[in-house]
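Everything on this sheet refers to the single structure shown next.
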Amino acid sequence: MCAWDWQAGKNAVVCGPMEIIIQENAERAARMTAKLIADAVREKPTLVLGLATGGTMEKVYEFLAEFHAKDSLDFSRVVTFNLDEYVGLPAEDPRSYRYYMEEHLFRHVNIKPENTHLPDGTASDLKSECQRYEELIKSSGGVDLQLLGVGRSGHIGFNEPLSALRSRTRATTLSPVTIEQNQIYFGESAMPSRAITVGVGTILESRRCLMLALGKQKAAVVAKALEGPISSMISASALQLHPHCTVIVDEEAAADLKEKEYYRLIFKTEPDWEAYR
Ligand code: GLP
């Protein structure tokens, strides 16, 4: 594990490989993810935290709310930037990611509303909205810790297949796989076919990435992203280029990984992981 020095803003040691941690079930995987975020907030109370949505993150946010209520985890100076938002959905639409964030995290912790940021999917000029978002991330000092899920299409954020590895925040068309995956949140009505997403390049500029993947439906894409070639067809594979990326998976999502036993050995052996075992 390479220790990140949040205060100095640099890695304390030269980074090693991607850190892959296999937890026995979804509950433990989500708890560890939340614990890593909580520890980062405690080390740097002004943390700039990149956030993700989706079913995977619901439990993580539940744990963070619990840490706030029971262990006084303080979000008062934390600044957040979400990865994406659907084009055309206003904040008050229950299917928007702004609504999701309010429901699952923001209203349960002491974060200042003005410190929470998502792209505005209703902006009349989407290009300038994307540029504004990129600039806001930059002027806030850049993302310290980026939380990520992975879609079945291999996307991080909404960086669908073909997303350039150096792409920036932009409006994009969702892939058929993603539309099939996320349609459940829209019931009978058609879901938006476009979304604003931060780019793969934007994500790679975060100081640390933390990806969580759960369940057997993610096993194939997790194996491609972590052990396959780096390709714009699987945006999550770009994380192999990141100097400090931690990936937490449950047994089901780890099912297709070839080097599972080695990853387990690293987690059991490295002294820096002791507090998380
Ligand atoms: C969504 C979001 C991603 C998320 C992914 C996984 O569409 N845009 O940021 O990580 O897809 O979703 P889930 O956790 O529901 O599988």
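The values are calculated or read from the model by the stated rules, or taken from the named source; none is laboratory data. Model, not experiment: these values are computed from the prediction. A quick note on method: Cβ atoms are made from the backbone with ideal geometry, for glycine too, and the neighbour counts reach across all protein chains shown. The area values use the complete protein model at the heavy-atom level, side chains included, leaving out ligands, DNA and RNA. Shrake-Rupley method; radii C 1.70, N 1.55, O 1.52, S 1.80 Å.
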Index of the failed condition, Glu102 passing every other in (1) over 19 Å from the mean Cα position of the chain (by Cα); (2) open to solvent by 30 Å² or more (accessible area, probe 1.4 Å); (3) free of Cβ contacts under 8 Å to residues at least 12 places away in the same chain:
(1)
Tell me, which helices (runs of 4 or more DSSP H) wholly within the range 34-143 include 2 or more residues that are closer than 19 Å to Gly199 by Cα and among the aliphatic types (A, V, I, L, M)?
126-139
Suppose the filter is within 16 Å of the ligand (Cβ to nearest atom), under 21 Å from Ile156 (Cα atoms), in contact with a Pro (Cβ under 6 Å, 6 or more places away or on another chain) and hydrophobic (A, V, I, L, M, F, W, C); does Val87 pass it?
yes
Check on Leu241, surrounded by fewer than 16 Cβ atoms within 10 Å (Cβ to Cβ), modelled with pLDDT of 95 or more and closer than 23 Å to Val143 by Cα:
yes
Being in a helix (DSSP H, G or I) and among the polar types (S, T, N, Q) is the filter here; which residues of the range 226-255 pass it?
Ser235, Ser237, Gln240
Take Glu103 and decide whether it is within 16 Å of the ligand (Cβ to nearest atom) and at negative phi.
yes
Which residue pairs have Cβ atoms under 6 Å apart, sit 6 or more places apart or on different chains, and have a first residue in the range 200-225 that is at positive phi and a second that is part of a helix (DSSP H, G or I) and more than 12 Å from the ligand (Cβ to nearest atom)?
Gly215/Glu252
Those residues of the range 144-187 which are touching a residue at least 60 places away in the same chain (Cβ under 8 Å), away from the ligand (no atom under 13 Å from the Cβ) and assigned to a strand (DSSP E or B) amount to Leu145, Ala171
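Of all residues in the range 44-66, how many are without any contact (Cβ under 8 Å) to a residue 40 or more places away in the chain and open to solvent by 20 Å² or more (accessible area, probe 1.4 Å)?
Summing the residues that are without any contact (Cβ under 8 Å) to a residue 40 or more places away in the chain and open to solvent by 20 Å² or more (accessible area, probe 1.4 Å) in the range 44-66 gives 5.
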Restricted to the range 194-220, and to residues that are under 23 Å from Glu85 (Cβ atoms) and assigned to a helix (DSSP H, G or I), which residue is most open to solvent (accessible area, probe 1.4 Å)?
Leu204
Any residue that is modelled with pLDDT of 95 or more, within 24 Å of His244 (Cα to Cα) and outside any loop (DSSP other than H, G, I, E, B) - is there at least one of those in the range 4-17?
no
